[in-house]
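Only one structure is covered here, and it is reproduced in the block below.
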Amino acid sequence: MFWEETPKPASLFSNQNNKSYPEVKKEALTCSRCHLREGAQQVVFGVGDLNSSLMLVGEGPGAREDELGEPFVGKAGQLLTKILAAISLKREEVYISNIVKCRPPNNRQPSPQEMEVCMPWLKEEFRLIRPKVLVLLGATAYKGLIDPQGKITKDRGKWIERKGLLIMPTFHPAALLRDPRKKVPVWEDFQMVEKTLKT
Ligand code: URA
């Protein structure tokens, strides 16, 4: 799991702990460790302020992200930008990434194996950004990083602490687009995030 210090495959990640962000990103952009890369136009690495105390993790690139090479730039991304604005943050002031970096075919959910294979990249982003708060956007990020059996409907809005890092699971912005009743809980979750970032 994400938090455990597991040995990394030496071939790809040897000496990785000394690598800088540009080095890691450059390597990630040529990754073809799983078959998701075959159906994707490009690897979509994280983006944003490398010194931010807030990092957000979604599921995986959609069509627009695959086309433009940047996470959360489609409809869900535009909503995410508005949600961030509601807590006085610009998109460029946070760091945004995904649990898998290549678009799954037809926007299906990434499988547990695909998430596991891609996880070293997220671990590297996490090591380099070192945020104070991590927001998990949606069930896939929550299950992939915290609890495979977890239920986002039950567990969202509750802080989780891991090694001093504060983690807030919340609904994915795409879920809000499908069901506007989720807006209020997400608003509440981000209010808590804002408050914690200020303390
Ligand atoms: N949904 C995600 O989970 N990530 C993106 O980058 C876009 C949509």
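The values are calculated or read from the model by the stated rules, or taken from the named source; none is laboratory data. Note that the structure is predicted; figures quoted are calculated from it, not measured. Calculation scope for accessible area: heavy atoms of the full protein, side chains included, ligands and nucleic acids excluded. Shrake-Rupley method; radii C 1.70, N 1.55, O 1.52, S 1.80 Å.
For the chain, a Gaussian network of Cα nodes joined below 10 Å ranks ARG127, ARG91, ARG156 by mean-square fluctuation, and the top entry is ARG127.
Rounded to whole numbers, the Karplus 3J(HN,Hα) couplings from phi for region 143-160 are 5, x, 9, 10, 8, x, 9, x, 10, 5, 4, 8, 9, 5, x, 10, 5, 10 Hz, using 6.51 cos²θ - 1.76 cosθ + 1.60 with θ = phi - 60°, and x at Gly and Pro.
Relative to one another, the C-alpha centroids of region 113-165 and region 56-82 are positioned 17 Å apart. Over all distinct Cα-Cα pairs of region 135-199, the Kirkwood formula returns a hydrodynamic radius of 12.0 Å. Computed from Cα atoms alone, the Kirkwood hydrodynamic radius reported for the chain is 16.9 Å.
Per residue, how large is the accessible surface of region 94-199? Use a 1.4 angstrom probe and give square angstrom. Before the final figure, lay out the partial values.
Working: 5020 Å² over 106 residues.
Accessible area per residue: 47 Å².
Just to be sure I understand the rule: take each whole DSSP H helix in the chain, project its Cα atoms onto its long axis, keep it if the span is 24 Å or more and its mean Kyte-Doolittle hydropathy is at least -1.0. Which ones pass?
Values: long enough: 112-129 (25 Å, -0.26).
Flagged H segments are 112-129.
To put it simply, the accessible area of the chain at a 1.4 Å probe is 52 percent carbon and sulfur.
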